[in-house]
Amino acid sequence: MLYAILKTVHVLAIVLWVGGMYFTHFCLRPALAALEPPARLKLMHDVLGRFFKAVLVSSLLVLGSGLWMLGRVAKQTVQSGGSFQMPLHWTLMLVLGVLMVAIFMHIRFALYKRLSRAVTAGDWAASGAALAQIRSWVAVNLGIGVLIVVVTLLRVGG
């Protein structure tokens, strides 16, 4: 039962994270193009601030639940006399998931901080540059997130 709960938390946290990136990148951002730069940049700053709080929690839940489930399966396999060999798709999921978290931490604690300073100062050129960097890295993370889902569903390597 605990495994099922952790797997549910894991999947829901991924849905929030990947779905939020898709919504922000492909739905919200284009719709805001009609606004003047100061209004658009302030709004994106506020939206991203809220979203990044949720992603921080989600990313930690994904890592924690994923590692716990992996450890539990490995422990049960060894305790039953078997030899644990992590499937390739689990390895890919783990490596790419850690990469996504690292990219998110860069976005949140470097690029978003830069955006916050620029918005506070009313420096719209610097705000736009910071937001463009965030957008680029979010696109990378969205691509990795979709790749993880595909690798997992196709069970690449086993």
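Only the coordinates and a few stated rules stand behind these numbers; no lab work does. From a predicted model like this one, the values you see are computed outputs, not experimental measurements. A quick note on method: Cβ atoms are made from the backbone with ideal geometry, for glycine too, and the neighbour counts reach across all protein chains shown.
The figures follow:
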{"quantity": "Two-site FRET efficiency, residue 8 against residue 36, from Cβ-Cβ distance with R₀ of 41 Å, rounded to 0.05", "calculated": "0.45"}
{"quantity": "Phi to ³J(HN,Hα) by Karplus 6.51 cos²θ - 1.76 cosθ + 1.60 over region 11-22, Hz, x for Gly, Pro", "calculated": "5, 5, 5, 5, 4, 4, 5, 5, x, x, 5, 4"}
{"quantity": "Among 86, 21, 44: highest mean-square fluctuation, GNM of the chain, C-alpha pairs under 10 Å", "calculated": "86"}
{"quantity": "In Hz, Karplus ³J(HN,Hα) per residue of region 71-76 (6.51, -1.76, 1.60; θ = phi - 60°; x = Gly, Pro)", "calculated": "x, 5, 5, 4, 5, 5"}
{"quantity": "222 nm mean residue ellipticity, helices alone, for the chain (DSSP H n ≥ 4; -39,500 (n - 2.57); rounded to 500)", "calculated": "-28000 deg cm²/dmol"}
{"quantity": "Size of charge dipole - region 2-154 - debye, nearest 20, with Cβ of Lys, Arg +1 and Asp, Glu -1, no other charges", "calculated": "200"}
{"quantity": "Max mean-square fluctuation residue, GNM over the chain, Cα-Cα springs under 10 Å, options 81, 49, 71", "calculated": "81"}
{"quantity": "Count of Lys pairs (Cα-Cα under 29 Å; at least 8 positions apart or interchain) in the chain", "calculated": "5"}
{"quantity": "Selected from 82, 97, 66 as most flexible by GNM, with the chain as the system and alpha-carbon contacts under 10 Å", "calculated": "82"}
